[in-house]
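Step one of this worksheet: look at the structure below.
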Amino acid sequence: YIVIHIRAGDSYLKEEKNTFTDGYIHNLINNIKNVVNIDDNYLLIADSNDVKKIIQNYFPNFKTLMNPITHFGEGVVLEEEKVKNTMIDFYLLSHSNSIFSYSAYQHGSGFSYWCAKTFNIPYVCKYVQ
């Protein structure tokens, strides 16, 4: 399977925001359309279940898990269930054939980048705002 990884940003992960602009969704959908091949299997991993729901409206064949996850960065109280779910996402990333990451940050996503580097998985990351 191929992973589509979306890093919407810390404000969504920390549940400080839960809405996305139409422009952001439009850019995200167009970028994903450029890499999707109908014959392949895709797993959607994102730091926001809300964005997963939106993406699945456009790509109903994408598989995903709708579990609460967390950020391992500073200032976050780690909850056991969210840590477990985040590690499951990392495990699934580590067994993929390739990873296409779309990040709200110009520096990309360390979560998917370091997984790809560690397990020698082909990796492409695009900045999407």
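The values are calculated or read from the model by the stated rules, or taken from the named source; none is laboratory data. Model, not experiment: these values are computed from the prediction. Cβ sites come from the backbone with ideal geometry, for glycine too, and all protein chains shown count toward neighbours. The area values use the complete protein model at the heavy-atom level, side chains included, leaving out ligands, DNA and RNA. Shrake-Rupley method; radii C 1.70, N 1.55, O 1.52, S 1.80 Å.
Over the chain, DSSP H runs of length four or greater, each weighted -39,500 (n - 2.57), average out per residue to a 222 nm ellipticity of -11500 deg cm²/dmol.
In debye, nearest 20: dipole of the stretch 33-129 around its Cα centre with unit charges on the Cβ of K, R (+) and D, E (-)?
It works out to roughly 260 debye.
Can you pull out the GluC sites (Glu not before Pro) in the stretch 67-129 that DSSP calls coil and that have at most 13 other Cβ atoms within 10 Å?
In loop regions of the stretch 67-129 (DSSP not H, G, I, E or B), the sparsely surrounded GluC sites (Glu not before Pro) are E74, E79.
Against the empirical 2.2 N^0.38 Å (N residues), the stretch 86-125 has a Cα radius of gyration ratio of 1.05.
Working note: Cα atoms of the chain, range along each principal axis, descending, whole Å: 40, 34, 26. To the nearest 10, the accessible area of M66 is 80 Å² with a 1.4 Å probe. Ranking V83, I25, N37 by how far each Cα lies toward the positive end of the dipole of the chain (charges on Cβ) leaves N37 at the top. Applying 1/(1 + (r/R0)^6) with R0 = 35 Å to the Cβ-Cβ distance of S94 and T21 gives a FRET efficiency near 0.65. A 1.4 Å probe, protein heavy atoms only, puts the accessible area of F119 near 100 Å².
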